[in-house]
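The values are calculated or read from the model by the stated rules, or taken from the named source; none is laboratory data. It should be emphasised that the depicted structure is a prediction, and the values quoted were computed from it without experimental measurement. Cβ placement follows ideal geometry from the backbone for every residue including glycine, while neighbour counts extend to all protein chains displayed. We work out accessible area using only protein heavy atoms, side chains counted, and drop any ligands, DNA or RNA first. Shrake-Rupley method; radii C 1.70, N 1.55, O 1.52, S 1.80 Å.
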Amino acid sequence: MASQESLPLRRLKEFQPLNRLTDDQLVVLASRAERRAHGPGQRVLERGVRDGLDYFLVTGKVELESVDGRKSVIEAETDQALNPIARLQPRMYDVTAVKPCEFLVVEQDVLNQLLRSAPVVQVEMDSGESHGGESEEHHLLMEFYAELRSNQLKLPSVPDVAWKVRRLVDRDDSTADEVATAVSADPAMAAKLVRACNSPLYRGFSDVRNVRETVVRLGMRTTRQLVTVFSMREVFKSRHPSLQKEMEKLWRHSREVAALCWVLADHATRLNPEEALLAGLLHDIGVVPVLVQAEHHVNLFADDTNLKNAISELRADVGTAVLGSWSFPPAFVEAVRHAEDWAYESREAEPQLVDVVIVAQLHAMIGSSQNEGLPAFDEVPAYRRLGNLELNASRSLELLTEARARVDEVQQLLSIR
């Protein structure tokens, strides 16, 4: 069922990337968009289809099912519904209405055309350009954004061994032998996992000698997280020397945040430290496709300011798209989307991965060149939510100083080759 009724501009601005558009552009978008309704049990989108449309969930709840049978639920007016539903094409999910649903349906070509001409305040300010005349850099940057938001976006793939291990561990009937066999199919990964198990973080009374003993000692869940962690190093790669330097810098920062996440989760929450480690390592995963895409715009990104603006604008949207394509749970997606949103406050009562990532980011930036403009600790909701430690600024820094040896151990773990 379709409706021509338009949504108020205020409601349109709640969606991303519609919030990048001006009021005039939103009026144009609304005139070109369609409202569609689906009843409970009705199929909304089918996996494998290319239709060139973006579906924004206005009301209701939908279920997404991936090719391996994993399911997730998205409800309107939550963080997961900020972006178009299952946007990547061909579609990677079957989408079914759980409750009566209403969608705003927009042609991707129409949206990309509007985004291409949307103002980017940061670029105009930095380049000294006014709204009256667009620089060549501004035009190129808009083209770059449109590519990233359209089907030309190339998302990194989860390395094969990590994908197989995650699928095995998610099954209730998998055994340690099956997981060990999957890990052993990648000799380099098998060696890393055994070395990790014999590291100070996990060492028992005696060293393990093979992958099966490693899986048994670590447990299935920790094995899954560590295999994914070790796989991530291969994702942070670029063929262009100058951009590879950016990748290396990104990897070092991600490792630092990941190590701090492990320590904070272990000391201040009931969260699994390995999950916190992985969330920290992934918090800037959205920057990777931006850097990869920048290889095709070398002249544009010779200006470091342009690259920083693109990363700042796109890291959250692209990061959530990456984790969506990898079928990661909502808690990881939330951590990626809000990793640099100091004012964000989770709706859950207990501390979440996003809280640990935000606080770890703050600590990583203290004393670095990125510390300008950081809020005070007690102004950050995530910081207050790690209440088990009764944290304040001095106690927090004291804790991490005490735990420096453990942070170093985690860093060594992430450096295993």
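What to note about this one:
- Failed condition for E63, given (1) charged (D, E, K, R); (2) part of a loop (DSSP other than H, G, I, E, B); (3) surrounded by 12 or more Cβ atoms within 10 Å (Cβ to Cβ): (2)
- Residues of segment 203-251 that are under 18 Å from the mean Cα position of the chain (by Cα) and not in a helix (DSSP H, G or I): F236, K237.
- Taken together, D54, D24 contain a single residue that is open to solvent by 60 Å² or more (accessible area, probe 1.4 Å), of a type in the set (D, E, K, R) and not in a loop (DSSP other than H, G, I, E, B), which is D24.
- Any hit, segment 267-278, residues being touching an Asp or Glu at 6+ places or on another chain (Cβ under 6 Å) and assigned to a helix (DSSP H, G or I): yes
- Considering T181, T175, the condition of being in contact with a Lys or Arg (Cβ under 9 Å, 6 or more places away or on another chain), open to solvent by 50 Å² or more (accessible area, probe 1.4 Å) and without any contact (Cβ under 8 Å) to a residue 12 or more places away in the chain is satisfied by T181 alone.
- Residue check for N210: within 26 Å of V288 (Cα to Cα) and either modelled with pLDDT under 85 or open to solvent by 60 Å² or more (accessible area, probe 1.4 Å) (or both): no
- Boolean, D317 is open to solvent by 20 Å² or more (accessible area, probe 1.4 Å), modelled with pLDDT under 85 and under 16 Å from the mean Cα position of the chain (by Cα): yes
- Flag if R167 is in contact (Cβ under 8 Å) with a residue 40 or more places away in the chain, open to solvent by 60 Å² or more (accessible area, probe 1.4 Å), within 24 Å of F301 (Cβ to Cβ) and touching an Asp or Glu at 6+ places or on another chain (Cβ under 7 Å): no
- The set of residues in segment 84-99 that are part of a loop (DSSP other than H, G, I, E, B), β-branched (V, I, T) and buried (at least 19 other Cβ atoms within 10 Å of the Cβ) contains only I85.
- Residues in segment 300-340 that are charged (D, E, K, R) and under 15 Å from G286 (Cα atoms): K308, E313, R315, D317, E334, R337, E340.
- Residues (over 14 Å from S415 (Cα atoms), surrounded by fewer than 16 Cβ atoms within 10 Å (Cβ to Cβ), of a type in the set (A, V, I, L, M, F, W, C) and without any contact (Cβ under 8 Å) to a residue 24 or more places away in the chain) located in segment 184-207: F205
- Looking only at segment 358-398, residues that are at pLDDT 65 or above and either in a helix (DSSP H, G or I) or not hydrophobic (A, V, I, L, M, F, W, C) (or both) come to 21 in all.
- Some residue of segment 40-60 being in contact with a helix residue (DSSP H, G or I) (Cβ under 8 Å, 6 or more places away or on another chain) and hydroxyl-bearing (S, T, Y): no
- Checked against the criterion of being more than 22 Å from V407 (Cβ to Cβ) and either among the basic types (K, R) or part of a helix (DSSP H, G or I) (or both), segment 194-202 has at least one qualifying residue.
- Filter result for G48 (outside any strand (DSSP E or B) and modelled with pLDDT of 90 or more): no
- Extreme residue, most open to solvent (accessible area, probe 1.4 Å), among residues of segment 66-83 that are within 17 Å of R11 (Cβ to Cβ), assigned to a loop (DSSP other than H, G, I, E, B) and of a type outside the set (A, V, I, L, M): E77
- Residue, nearest to P100 (Cα to Cα), within segment 42-51, restricted to residues that are open to solvent by 60 Å² or more (accessible area, probe 1.4 Å) and touching a strand residue (DSSP E or B) at 6+ places or on another chain (Cβ under 9 Å): Q42
- Residues that are modelled with pLDDT under 50, open to solvent by 60 Å² or more (accessible area, probe 1.4 Å) and not β-branched (V, I, T) within segment 100-126 comprise Q122, M125, D126, listed in sequence order.
- With respect to the conditions (1) more than 30 Å from R385 (Cβ to Cβ); (2) open to solvent by less than 40 Å² (accessible area, probe 1.4 Å); (3) at pLDDT 90 or above, L243 falls short on a single one, namely (3).
- In the set (1) of a type outside the set (S, T, N, Q); (2) assigned to a helix (DSSP H, G or I); (3) open to solvent by 30 Å² or more (accessible area, probe 1.4 Å), the condition left unmet by E340 is number (2).
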